[in-house]
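Worksheet for the structure shown next.
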Amino acid sequence: MNSARISELLKTRPKASLYWGLYLAPTEDGARADLGVAVAKKLAKRAVDRNKIKRMIRQLVWTAQTTHLNCSDVVVKLKKPIGRDTRGRLRKKEKTLLRNQFADLI
């Protein structure tokens, strides 16, 4: 997904939860569905945590696209910092919370 398409999707109104913004739009004619994930360094300090979050999001979106998000371009954006209670690290409790909130959005 190129930056112009991501910008276009970010202008639409998101489905939102405490931590996530989920932007959906139908794909253009003949194109396959794409995924964009934005996890800012400000919101998740450690690269390990950012990569874990991105992997988790990719897995959840791909499974959703096979079942009920058939022809949608998706951009997922983290809105709130993680790790405030755990010294900047993503712990199992927070990971479960993030996963549940995102699963509820889809």
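Look through region 8-37, keep the residues that are of a type in the set (Ser, Thr, Tyr) and touching a residue at least 24 places away in the same chain (Cβ under 8 Å), and return whichever of them is surrounded by the most Cβ atoms within 10 Å (Cβ to Cβ). Give the steps one after another, and end with the answer.
Initially, region 8-37 is screened for residues of a type in the set (Ser, Thr, Tyr), giving 12, 17, 19, 23, 27.
Imposing the further condition that a residue be touching a residue at least 24 places away in the same chain (Cβ under 8 Å) reduces the set to 17, 19, 23, 27.
Values: SER17: 16, TYR19: 19, TYR23: 22, THR27: 14.
The extreme case among them is TYR23.
Would you call ILE6 within 10 Å of the chain's Cα centre (by Cα) and not in a loop (DSSP other than H, G, I, E, B)?
Details: within 10 Å of the chain's Cα centre (by Cα): no; not in a loop (DSSP other than H, G, I, E, B): yes.
Against the criterion (within 10 Å of the chain's Cα centre (by Cα) and not in a loop (DSSP other than H, G, I, E, B)), ILE6 does not qualify.
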### Query
Which pairs have Cβ atoms under 9 Å, sit 6 or more apart or on different chains, and link a residue in region 38-61 that is under 21 Å from PRO14 (Cβ atoms) to one that is of a type in the set (Asp, Glu)?
VAL39/ASP49
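For region 72-80, state whether one or more residues are farther than 19 Å from ILE6 by Cβ, of a type in the set (D, E, K, R) and in contact (Cβ under 8 Å) with a residue 12 or more places away in the chain. Explain how you work it out, then say what you get.
Of all residues in region 72-80, those farther than 19 Å from ILE6 by Cβ come to 80.
Narrowing further to those that are of a type in the set (D, E, K, R): 80.
Add one more test, that the residue is in contact (Cβ under 8 Å) with a residue 12 or more places away in the chain, and what stays is 80.
Yes, that holds for at least one residue.
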### Task
Please work out which one of (1) surrounded by 17 or more Cβ atoms within 10 Å (Cβ to Cβ); (2) at pLDDT 80 or above; (3) assigned to a loop (DSSP other than H, G, I, E, B) is the condition PRO81 fails and give its number.
(1)
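Answer yes or no: is there a residue in region 40-59 that is part of a strand (DSSP E or B) and over 18 Å from ALA103 (Cα atoms).
Pass one, region 40-59, residues part of a strand (DSSP E or B): none.
The answer is no; no qualifying residue exists.
Yes or no: region 90-99 includes at least one residue that is under 21 Å from LEU9 (Cα atoms) and at pLDDT 80 or above.
If we filter region 90-99 for residues that are under 21 Å from LEU9 (Cα atoms), which is where we start, we get none.
Checking region 90-99: not a single residue is under 21 Å from LEU9 (Cα atoms) and at pLDDT 80 or above.
Let's see how each residue does on (1) buried (at least 17 other Cβ atoms within 10 Å of the Cβ); (2) modelled with pLDDT under 80:
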| residue | (1), (2) |
| --- | --- |
| ARG50 | yes, no |
| TRP62 | no, no |
| VAL76 | yes, no |
| ARG87 | no, yes |
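The values are calculated or read from the model by the stated rules, or taken from the named source; none is laboratory data. Bear in mind the structure is a predicted one, so any value in this text is a computation, not a measurement. Here Cβ is always computed from backbone atoms with ideal geometry, including for glycine, and neighbour counts include all displayed protein chains.
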